[in-house]
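The numbers here are math on the coordinates, done by the rules we state, and not lab data. Bear in mind that the values here come from a model prediction, so they are computed numbers and not experimental data. Cβ placement follows ideal geometry from the backbone for every residue including glycine, while neighbour counts extend to all protein chains displayed.
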């Protein structure tokens, strides 16, 4: 189906199902219950899940396939966001030109940065990309203020030109407010709420569009992984030296891969601008570049679904785990006598709320040490264990064979 | 005129003159061995042929094209493949994928950014790769990860990768180093079969005289960066200069 092997097609179906059912799956707790604060099914966060999923999928095409670790991918995300914002301001409030242009501009920027950075490999490549990204961040925050809005950032305004005709989202809005990004009149913030019993599920247009784009991006990444191009990229990771003595020029492969990866980041940035039309330079900071590295490694480098899982997990932690406060803890431990409750709360407190980074760090260390293949390897081990329990002998040879199929 | 003409090649590493005035002419469709004691400059010479090193002086012509100044992938595309002293393979990939990559390089050239094809739908590549693997008796291992192979198998895989490109000149840098006797004999048989098809030129660097005298039709003896003699195997065995420089200690 769709040019995919059955196994890959099933994976695509699983991801599609997860994405479609996300508003339900992410809201497992009834409204008003004590656990309701762990519900992640609100539009803003769901959009972030899939947008960072796209970002990580693209990063994984570079890092997972070729082993080249870029520490500057946030630059492409930021460039995509700025490009998208300018299209929203200049062309139309319609998100489609914004998304397309953010990919194109990010592609051009990654072509330039990649052309220079790919002269080196290994740690030198990482440092070069980091340097470029920090340059981009500094430029955006200071010198390029006329384009980027400097530290205040870039927003849509009432008097933006928006030169395209009205039916394409140009012109000014009818009601005199700043128009919201839309798709042929459907605003990205348009939301429907469905309540079933005590549960409340939110369906949001912005999320729907991000989800469709993410599924397309995921599909393209599967095709790249299974293509001869993808095979050459994996060969670069394995032994670049041998590949050039086998008659292949590795540079165009690397550059193409870097640009594809940069365009994924640009796409993610464009979607961010389209969902929430304000961009600041902090989006390009090195911590943002580091975050996508964490997502990919946490989920599983070089696996198809790993980066998506990693992105989801980190964004969940960032938005949900960080909201647990002292009062919540006191409620959880209220079963214990007062003196014990005090001790328990003071032990757990540093790991929650603003301390969520600490928990994330510990989790990251645990994954690196015990599951070098990330969450996907964890899933695989559980799967093997279950199969082993059923009495089938674990077949080591079969695992090695899978990539060739 | 041979298919490979090396003229006056010299290479210096700091204070060491690794090669000086090397002249070598390899005739098409023959097996030419280069022997010599350790440090004689054999590997340096090979590195100059595949573009890993650029000689300070002299010229290297392959089939009328200068090799100098070309990058390794361009030289490979001219028709020169190399088997390395320590096997260079794609360890993370399967045996079949290793050979497939070589087949892709032969079919599609130095780069084809075929990002929307599917490797498993390239039936002609797969058939070609399996055919070569069958030739080197590795077909049943085609699904194994290359890094898990034994050293002898890694070498055979590397040879399969080179052969699948149907090179006009195959350079072999100690193809039997570190192999068990049985593996060595298998390799000799394999190379003999290839030689007897008479559509490939081979240039072998080897320490094992058994291998050299089983295969070579022409032997160049290199000592201290300069060729001493170039002769047929029979004449080499009795050559006084060679005995003095090299074979004096070897069991022939």
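The peptide list B:76-83, A:303-310, A:183-190, put in order of mean Cβ contacts within 10 Å with the highest first, becomes A:303-310, B:76-83, A:183-190.
Contact order, relative form, for chain B: 27 percent (alpha carbon pairs under 8 Å, 6 or more residues apart, mean separation divided by residue count).
Here the label points at residue A:2 and residue B:38, each 7 Å from Cα along the C-beta direction, are separated by 5.9 nm in the simple model. Residue exposure proxy: A:137, A:29, B:13, ordered by other Cβ atoms within 10 angstrom of their Cβ from fewest to most, comes out as B:13, A:29, A:137.
At full extension, residue A:386 and residue A:357 could sit 7.2 nm farther apart than now, given 0.36 nm per residue minus the alpha carbon distance. Fully extending the segment from residue A:119 to residue A:31 would add 26.2 nm, taking 0.36 nm per residue of separation and subtracting the current Cα-Cα distance.
Label positions at residue A:112 and residue A:180, each projected 7 Å from the Cα along the C-beta direction, are separated by 3.5 nm. Its DSSP H runs of at least 4 residues, each contributing -39,500 (n - 2.57), put the calculated 222 nm mean residue ellipticity of chain A at -21000 deg cm²/dmol, to the nearest 500.
Each helix, a run of at least 4 DSSP H residues, gives -39500 (n - 2.57); summed and divided by the residues of chain B, these come to -11000 deg cm²/dmol at 222 nm. Between the Cα long axis of helix B:123-135 and the first principal axis of chain B there is an angle of about 50°, rounded to the nearest 10.
Measuring max minus min along each principal axis, the C-alpha atoms of region A:270-383 give extents of 50, 42, 21 Å (largest first). For the residues A:388, A:312, A:373, a GNM of chain A with alpha-carbon springs under 10 Å puts the largest fluctuation on A:388.
How would you classify region A:241-298 from its alpha-carbon gyration tensor, with a ≥ b ≥ c the square roots of the eigenvalues: rounded for a/c under 1.5, else prolate if a/b is greater than b/c, otherwise oblate? Here region A:241-298 falls in the prolate category. Take region A:291-331, drop everything but the C-alpha atoms, weight them equally and run the Debye formula without solvent; then report log10 I(q)/I(0) at 0.14, 0.17, 0.32, 0.33 Å⁻¹ to two decimals. Debye intensities relative to I(0), on a log10 scale: -0.39, -0.49, -0.96, -0.99. Estimated at 0.36 nm per residue, the fully extended path between residue A:338 and residue A:316 surpasses their Cα-Cα distance by 4.8 nm. Here r is the Cβ-Cβ distance between residue B:56 and residue B:137 and R0 is 51 Å; the resulting FRET efficiency, rounded to 0.05, is 0.75. Along each principal axis, taking the top coordinate minus the bottom one, the Cα set of region A:55-116 gives 39, 23, 14 Å in descending order.
Shape class for the protein assembly as shown: prolate, because the ratio a/c of the largest to smallest gyration tensor axis (alpha-carbon atoms, square roots of eigenvalues) is 1.5 or more and a/b beats b/c. By the count of neighbouring beta-carbon atoms within 10 Å, fewest first, B:156, A:390 end up ordered A:390, B:156.
What ranking do A:227, B:66, A:221, A:261 get, fewest neighbouring Cβ atoms within 10 angstrom at the top?
On the way: A:227 21, B:66 11, A:221 24, A:261 30.
Fewest-to-most ranking of A:227, B:66, A:221, A:261: B:66, A:227, A:221, A:261.
Compactness of region B:90-166, taken as the C-alpha radius of gyration over 2.2 N^0.38 Å, stands at 1.03. Solvent-free Debye calculation, one equal scatterer per alpha-carbon of region A:117-223: log10 I(q)/I(0) at 0.13, 0.17, 0.21 Å⁻¹ equals -0.91, -1.07, -1.09.
In chain B, one over the average inverse separation of all distinct C-alpha pairs is 18.9 Å, which is the Kirkwood hydrodynamic radius.
Kindly work out what percent of the DSSP beta bridges joining two residues of chain B are antiparallel, to the nearest 5.
DSSP beta bridges in chain B are roughly 55 percent antiparallel.
Take the Cβ atoms of residue A:326 and residue A:138, set R0 to 45 Å, and the FRET efficiency comes out at 0.75.
Against the compact-protein benchmark of 2.2 N^0.38 Å, the Cα-based radius of gyration of region B:141-252 scales to 1.18. Summarising the label geometry, the points placed 7 Å from Cα in the beta-carbon direction at residue B:120 and residue B:217 lie 4.5 nm from one another.
Here the Debye sum runs over all C-alpha atoms of region A:6-284 as equal scatterers in vacuum, and log10 of I(q)/I(0) at q = 0.08, 0.11, 0.14 Å⁻¹ comes out as -0.38, -0.70, -1.04.
Relative contact order, whole percent, for region B:90-166 stands at 52, derived from Cα pairs under 8 Å and 6 or more residues apart.
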